[in-house]
Amino acid sequence: MGQRPPSLQLPSLTDTQQLVSLDDFSGKVIYLDFWASWCGPCRVSLPALNRIYAELQSQGLIVVAVNVDAETEDAQAFLARYPVDYEVLLDPEGNSPADFEILGMPTAFYIDRNGVVRGVHTGFRKNDEQKVRATLMELLNE
């Protein structure tokens, strides 16, 4: 924490020819979420993040979800059941979790408008939605 995150440039799920970088969102508050279709808590986190994103995107919130499934079809099937309106990136080689030193799914990083990691959220339970929203609102209000 207190440092810039590792570099990240991955293809978008909606257009695999388009590479998306965290630098594309400079000046925004970013919730960078790593997830997988086999992750049970992700069934709770993705819909919760979609609600938070719908509420706070007009204030400058960006949610970027990095899927680490080896097969893109697994991510697509998951998102058919739990659709989201925010950016989903693909990392089928699974390199980014190592770069970010992720130990479990889901793991998310709170990144402020200056591109500095201000916190990490590991796992997700139903009551975490309020805590995540409150932390993001603090960063948005800075």
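The values are calculated or read from the model by the stated rules, or taken from the named source; none is laboratory data. Keep in mind that what you see is a predicted model, and the values were worked out from it rather than measured. Counting neighbours? That spans all protein chains shown, and the Cβs are built from the backbone with ideal geometry, glycine included. Heavy atoms of the whole protein, side chains included, go into the accessibility calculation; ligands, DNA and RNA do not. Shrake-Rupley method; radii C 1.70, N 1.55, O 1.52, S 1.80 Å.
General remarks:
- Residues of the range 9-56 that are charged (D, E, K, R) and open to solvent by less than 30 Å² (accessible area, probe 1.4 Å): ASP33 alone.
- Filtered residues of the range 111-123 (kept if in contact with a helix residue (DSSP H, G or I) (Cβ under 8 Å, 6 or more places away or on another chain), open to solvent by less than 40 Å² (accessible area, probe 1.4 Å) and over 15 Å from LEU8 (Cα atoms)): ASP112, GLY119, HIS121
- Checking each residue in the range 66-80 for being touching a residue at least 24 places away in the same chain (Cβ under 8 Å) and either of a type outside the set (S, T, N, Q) or in a helix (DSSP H, G or I) (or both) picks out VAL66, VAL68, ASP69, ALA70, THR72, ASP74, ALA75, GLN76, ALA77, PHE78, LEU79.
- All of LEU90, LEU79 fail the test of being within 22 Å of LYS28 (Cβ to Cβ) and among the hydrophobic types (A, V, I, L, M, F, W, C), apart from LEU90.
- Residues within the range 96-142 that are more than 16 Å from CYS39 (Cβ to Cβ) and free of Cβ contacts under 8 Å to residues at least 60 places away in the same chain, tallied: 11
- The single residue among SER58, SER7 that is over 22 Å from ASP128 (Cβ atoms) and either without any contact (Cβ under 8 Å) to a residue 12 or more places away in the chain or in a helix (DSSP H, G or I) (or both) turns out to be SER58.
- Taking the range 57-76 as the range and being crowded, with 19+ Cβ neighbours inside 10 Å and of a type in the set (A, V, I, L, M) as the test, the residues that pass are LEU61, ILE62, VAL63, VAL64, ALA65, VAL66, VAL68, ALA75.
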